Every structure is written in C-alpha cells, then in structure tokens.
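Heads up, the thing below is written out as structure tokens.
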Amino acid sequence: MDRTFLMIKPDGVQRGLIGEVIARLEAKGLKMAAGKFEMLPEERVMKHYAEHAEKPFFPGLKSYIMSGPCFLMVFEGKDVVAVTRKMIGSTNPAEAEPGTIRGDLAMEIGMNVIHGSDSNETAKREIGIHFRPEEIISYERADEKYLY
Ligand code: RTP
Ligand code: MG
C-alpha cells in the first residue's frame with residue numbers, strides 16, 4: 001500500500017485545524033497509519049527541508065516550523081501521494097483552488113497549514129526522518145472495504 005508523510009504545521013495547530021484536516025483525509029477514504037504531536041528538533045527540520053536550505057525563504061520557514069508544535073502523520077491509500085497533494089492544493093494558498101485544504105483554510109504562502117510529500121520517493125525519505133518503523137501501525141478499520 002502507498003504511504004505519504006503529512007504534517008499539520010504550527011499555524012494549523014494553533015488555529016485549531018487538526019481535526020478539520022484529519023476529518024477530510026479520513027472522509028476521503030485514506031487511513032492513518034501513524035500520528036504524533038511534537039515540537040520538531042532542528043536536526044530533523046534541516047533534513048526534512050534540505051532541498052530548500054539555500055533558498056531565501058529558508059530562515060523564515062525554519063523558524064516558523066519550529067515556532068510551535070506540529071502534528072505529524074503517515075497516511076496510506078491507493079495513490080495516496082497524488083491524492084493528498086491534490087487535496088492540499090497549491091503551495092500559495094491565494095492560488096489554491098476552493099475545495100482544497102489550502103484553498104479553503106489558508107491565506108499566505110508562509111503559513112499554509114499542512115505539508116505533504118511530493119513523490120513516493122520523498123514520502124519514503126520523509127517517513128524515515130520523522131518516524132521509527134514501530135511507530136507505523138497496521139490495524140483494521142471497520143470500513144476497510146471502502147478504503148483503497
Ligand atoms: P510543503 O513541502 O510544505 O508540502 O509545500 P510545497 O511542496 O507545496 O512547497 P515547497 O516548494 O516544497 O516549499 C516548502 C514550504 O516552504 C514555504 N515556502 N515559502 N516565501 C516563499 O516564497 C516560499 N516558498 C515556499 C511554504 O510554506 C512551503 O509550503
Ligand atoms: Mg514540498
């Protein structure tokens with residue numbers, strides 16, 4: 001089964017949107033396989049955002065992502081990376097379509113509620129940065145036949 005790494009960023013947590021975001025993902029037919037609430041240590045932020053380390057927005061991004069707790073998740077489902085990227089919407093919430101998480105719930109690029117892996121390869125890397133194998137749990141949901 002495909003997996004992705006999703007993370008509700010500090011603005012999403014502080015605005016009380018954890019439940020709203022998880023509700024959308026569950027209602028879609030995706031399954032949570034891991035979840036935890038924590039302040040990200042600097043070492044994992046540097047690894048997670050390595051591709052952006054030299055970008056001008058990186059210092060702001062780093063201090064924002066470490067400014068409060070995040071809610072980190074692994075979700076499973078058929079084509080879960082593509083499906084969740086579509087549900088999340090464009091990086092800049094001003095350009096994100098209505099109906100998407102960013103399109104409905106956010107206003108600016110620096111505070112766009114949620115992160116989602118952008119490929120299967122990235123997902124594998126990001127899950128490895130943030131979760132130990134034993135934190136990812138296999139279990140049955142009552143509505144398993146409606147999950148893909
Ligand atoms: P994410 O990685 O958080 O899911 O977002 P993304 O793929 O849509 O965007 P990405 O290009 O990977 O950028 C990562 C995060 O950096 C912040 N950013 N700020 N000020 C800027 O121009 C700028 N560009 C990117 C955003 O918070 C973005 O989600
Ligand atoms: Mg990205």
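Read the figures in this text as sums done on the coordinates, not as results from a lab. Since we're looking at a predicted model, the values are computed, not measured. Quick reminder, even Gly has a Cβ in these numbers, built from the backbone with ideal geometry, and neighbours come from all protein chains shown.
Observations, loosely collected:
- Annotation: extensible slack from residue 97 through residue 44 equals 16.0 nm (criterion: 0.36 nm per residue apart, minus Cα-Cα distance).
- Quarter of the Cα convex hull surface for the chain, i.e. its orientation-mean projected area (nm²): 8.4
- Relative contact order of the range 3-137, taken over Cα pairs closer than 8 Å and 6 or more residues apart, is 37 percent.
- For the range 125-131, Karplus couplings with θ = phi - 60° (6.51, -1.76, 1.60), whole Hz, Gly/Pro x: 5, 5, 4, x, 5, 9, 10
- The H on the amide N of residue 96, modeled in the peptide plane, is under 5 Å from the matching H of 90, each at least 5 residues off or on a different chain.
- Summary of packing: across the peptides 62-72, 132-142, 39-49, the per-residue average of other C-beta atoms within 10 Å ranks them, highest first, as 62-72, 39-49, 132-142.
- Per the Debye calculation on the range 60-115 with a single equal scatterer at every Cα and no solvent contribution, log₁₀ I(q)/I(0) for q = 0.19, 0.20, 0.25, 0.26 Å⁻¹ amounts to -0.72, -0.79, -1.03, -1.05.
- Label zone at residue 136, where the point sits 7 Å out along the Cα-to-Cβ direction: the range 23-49 residues whose backbone N lies under 18 Å: 30-37, 48
- Label-point separation, residue 121 to residue 23 (7 Å along Cα→Cβ), nm: 3.8
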